[in-house]
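Each remark here refers to the structure printed beneath this line.
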Amino acid sequence: MLELRPICEHCQTPLPPNSTGAMICSFKCTFCCTCVEAVLGNVCSNCGGGFCPRPVRPAHNWKGDNYLGRYPAGTTPKHRRVDVEVHRQWAQPIQALPPEQR
């Protein structure tokens with residue numbers, strides 16, 4: 001089950017379960033679109049992978065109890081503020097590579 005983390009790990013912007021501005025890497029690291037583009041350059045500061053939009057879990061029980069009421073979003077924030085200059089230097093060699101080649 002995908003953990004829907006409640007905030008951007010860098011800037012702490014709220015990312016509620018229905019947010020279309022949440023981005024995740026394959027390890028569920030969660031950042032807002034602004035931080036992914038402006039701070040991280042689409043390079044996850046925790047693993048080096050790329051990002052994709054986080055799916056929105058249905059709010060209504062359309063089928064089989066697979067909805068937010070049965071599987072609520074996470075409430076424990078993960079705040080790991082990125083040192084922008086350190087990240088920039090670390091990510092520079094791999095940033096030009098498409099995520100599928102990292």
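Can you tell me which residue within segment 64-87, out of those that are of a type in the set (Lys, Arg) and exposed (fewer than 15 other Cβ atoms within 10 Å of the Cβ), is farthest from residue 31 (Cα to Cα)? I'd like the intermediate steps shown before the answer.
Our first condition is that a residue be of a type in the set (Lys, Arg); within segment 64-87, this holds for 70, 78, 80-81.
Among the residues that remain, those that are also exposed (fewer than 15 other Cβ atoms within 10 Å of the Cβ) are: 70, 80-81.
On the way: 70: 24, 80: 10, 81: 10 Å.
Here the answer is 70.
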- Message: Give me the residue from segment 24-59 that is free of Cβ contacts under 8 Å to residues at least 24 places away in the same chain and under 14 Å from residue 83 (Cα atoms) and, out of that set, farthest from the chain's Cα centre (by Cα).
- Response: 38
- Note on the structure: Taking segment 25-40 and keeping residues buried (at least 16 other Cβ atoms within 10 Å of the Cβ) and either of a type outside the set (Ser, Thr, Tyr) or closer than 21 Å to residue 93 by Cβ (or both) leaves 25, 29, 31, 32, 33, 35, 36, 39, 40
- Query: Would segment 53-72 turn up any residue that is part of a loop (DSSP other than H, G, I, E, B) and under 15 Å from residue 35 (Cα atoms)?
  - Reply: yes
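State whether the residues of segment 5-12 include one that is at pLDDT 95 or above and surrounded by fewer than 16 Cβ atoms within 10 Å (Cβ to Cβ). Can you show your working first?
Our first condition is that a residue be at pLDDT 95 or above; within segment 5-12, this holds for 5-12.
Checking the rest, the ones that are also surrounded by fewer than 16 Cβ atoms within 10 Å (Cβ to Cβ) come to 11-12.
Yes, the conditions are met somewhere in segment 5-12.
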- Examine segment 57-76 for a residue that is within 28 Å of residue 102 (Cα to Cα) and either in contact with a Pro (Cβ under 9 Å, 6 or more places away or on another chain) or of a type outside the set (Ser, Thr, Tyr) (or both), and state whether such a residue exists. no
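The values are calculated or read from the model by the stated rules, or taken from the named source; none is laboratory data. These numbers were taken from a predicted model, which means no experiment stands behind them. Cβ: placed from backbone, ideal geometry, glycine included. Neighbour counts: every protein chain shown.
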